[in-house]
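All remarks here apply to the structure that follows.
The values are calculated or read from the model by the stated rules, or taken from the named source; none is laboratory data. What you see is a predicted model, and the numbers here were worked out from it, not measured in a lab. When we count neighbours, we look across all protein chains shown, and the Cβ atoms used for this are built from the backbone with ideal geometry, even at glycine. Heavy atoms of the whole protein, side chains included, go into the accessibility calculation; ligands, DNA and RNA do not. Shrake-Rupley method; radii C 1.70, N 1.55, O 1.52, S 1.80 Å.
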Amino acid sequence: MSRPQSTDDLRFFDPRAHIDQGKNRLPHWDQPGGTYFVTFRLADSIPQEHLALWGSERTSWLATNLPPHTAKQERDYHDRFTARIEAWLDNGEGSCVLRDPAARQVTADALTHFDGTRHWQHAWVVMPNHVHALFSALPPHNVEDIVHSWKGFSAHATNRLLGKTGEFWMKDYFDRLIRDATHFWRCARYIRRNPTKASLGSAAYTLYEVPFVRDFLDAERSGGFPTADPQH
């Protein structure tokens, strides 16, 4: 299977197809071969008092929005809860051990190791205390197993590198099943702009984009006509 060269080569959310909804603490949607925007974070990246209030509000929302969730409910969930987590992450709380280039490289290696066999990476950024990744799963691999592999390998290897023990990543993660090309490019822009939004210098993060993503965003930024997906 060849690497995708545009969003025309990707599979997005199909409302007519079956959706597997994960049973972890957070809602997870999965469709075979789907494209996803995923966020996972270090265990100490958000103050406990913030998480306590956030958790109480989320519990109330889940009690009145029972699964299976509609696409509208899924968007509402992320608008209410995922966006708030992402704003807190950009405050740079916690140990921020991924500010260390060697530690950050471990996570970067995990993200790319099975590229082309378990998934296609499109764009990702490793920030000091969290990761955003935009990718497509390759059947039979699903998003939950892919993220578990990334987190498991990088946690053990980074703790070993730094001479630390204990919980490294927060147990769960946030994922969004990409709905269409417009949604894809919105997530790709978010990944590229996240370091600037968090006021980071170039030595504090690692950004990766495949050529069709990089070319499109570069052309868009310069005001030129994008060479990929010009219809969007």
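What the table below lists for this structure:
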{"quantity": "Enumeration of residues in the range 171-205 that are modelled with pLDDT under 90, open to solvent by less than 60 Å² (accessible area, probe 1.4 Å) and not acidic (Asp, Glu)", "calculated": "Tyr173, Phe174, Arg176, Leu177"}
{"quantity": "Helices (runs of 4 or more DSSP H) wholly inside the range 8-127 that include at least 3 residues being open to solvent by 30 Å² or more (accessible area, probe 1.4 Å), among the hydroxyl-bearing types (Ser, Thr, Tyr) and at pLDDT 85 or above", "calculated": "48-64"}
{"quantity": "Conditions (1) open to solvent by 10 Å² or more (accessible area, probe 1.4 Å); (2) in a strand (DSSP E or B); number of the one not met by Glu144", "calculated": "(2)"}
{"quantity": "Any hit, the range 153-164, residues being among the charged types (D, E, K, R) and either part of a loop (DSSP other than H, G, I, E, B) or in contact (Cβ under 8 Å) with a residue 60 or more places away in the chain (or both)", "calculated": "yes"}
